[in-house]
Amino acid sequence: MVRVRDLVMRLASGGRPVTVLDGVSLQVETGEVVAVTGPSGSGKSTLLGLVAGLDAPTSGTIEVAGVDVTRLDERALARFRRETIGFVFQAYHLIPTLTAAENVAVPLELAGVGDVEPRVTALLAEVGLGARGHHYPAQLSGGEQQRVAIARALALAPPLLLADEPTGNLDSVTGEQIVDLLLALNRERGATLLLVTHEAGLAARAGRVVALRDGRVVSDRSLAAAR
Ligand SMILES: Nc1ncnc2c1ncn2[C@@H]1O[C@H](COP(=O)(O)OP(=O)(O)O)[C@@H](O)[C@H]1O
Ligand SMILES: [Mg+2]
């Protein structure tokens, strides 16, 4: 599902060049769950953003679902992101003036999908929020807001789910529940899951843990007895 080769990302930070990713190679098979760990600043978010086509690397190749992401023009990239990637962020990024149901409806409406209402109802039920669709984000707990964000990410049934510290703003019990939900979605939908977390206990729930440090992969371990 994901093939990253020799990925290098250099950025200018206050006029000085910084090497954020320094030759990362990573292969993720369809249906796999991979946790990406590493200290703050090790390049985890940058890696996820590149896989999602949100940014272009300095060098290296990124293939997602058979597509070379680095060769897509803006239009093709927008379509790739919409159809292939579901992105979940630490800070939820819901639209505060829309209800939970309306937030989930956004990608469906942008894609011109018909029959939005029953789809939204099913998505909210799938993330365990059947009764909260009419609530606004401010009326929901952090865990509930993250569930809405996950339902929105799933709306167009992307084969690849990218989650960047999705439990970072949540207490440990709620964080566990969100990881449980992501793992259930991987099992039930077969969606490949790339999960960034610096919590070792959560990372250990994945089948495989890739550790970054200073923009390099320093370990890549498969866990036989995961979950
Ligand atoms: N747009 C940017 N400009 C300059 N430096 C950046 C930019 N984005 C990230 N960085 C730097 O790259 C490094 C890795 O960042 P990031 O990928 O966010 O790490 P992580 O998610 O592992 O905490 C950090 O040192 C950060 O300061
Ligand atoms: Mg980060």
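The values are calculated or read from the model by the stated rules, or taken from the named source; none is laboratory data. Predicted model only: the values in this text are computed from it and were never measured. Cβ placement follows ideal geometry from the backbone for every residue including glycine, while neighbour counts extend to all protein chains displayed. Ligands, DNA and RNA are excluded from the accessible area calculation, which covers all protein heavy atoms including side chains. Shrake-Rupley method; radii C 1.70, N 1.55, O 1.52, S 1.80 Å.
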Residues being on the phi < 0 side of the Ramachandran plot, in contact (Cβ under 8 Å) with a residue 40 or more places away in the chain, open to solvent by 10 Å² or more (accessible area, probe 1.4 Å) and in a loop (DSSP other than H, G, I, E, B) - total across the range 159-198 | 4
From A122, A78, residue being without any contact (Cβ under 8 Å) to a residue 24 or more places away in the chain, within 22 Å of L182 (Cα to Cα) and either in a loop (DSSP other than H, G, I, E, B) or open to solvent by less than 70 Å² (accessible area, probe 1.4 Å) (or both) | A122
Name the strands (runs of 3 or more DSSP E) wholly inside the range 1-71 in which the number of residues that are open to solvent by 70 Å² or more (accessible area, probe 1.4 Å), within 13 Å of ligand 1 (Cβ to nearest atom) and not acidic (D, E) is 3 or more.
-> 2-13
Failed item, numbered, when T97 is tested on (1) modelled with pLDDT of 95 or more; (2) in a loop (DSSP other than H, G, I, E, B); (3) buried (at least 16 other Cβ atoms within 10 Å of the Cβ); (4) not charged (D, E, K, R) | (3)
For R75, work out the one condition from (1) over 19 Å from the mean Cα position of the chain (by Cα); (2) under 19 Å from A191 (Cβ atoms) it doesn't fulfil.
-> (2)
May I ask you to say which residue of G86, G130 is within 17 Å of L181 (Cα to Cα) and at pLDDT 95 or above?
-> G86
Identify, from the list F89, F80, the residue that is touching a Pro at 6+ places or on another chain (Cβ under 8 Å) and at negative phi.
-> F89
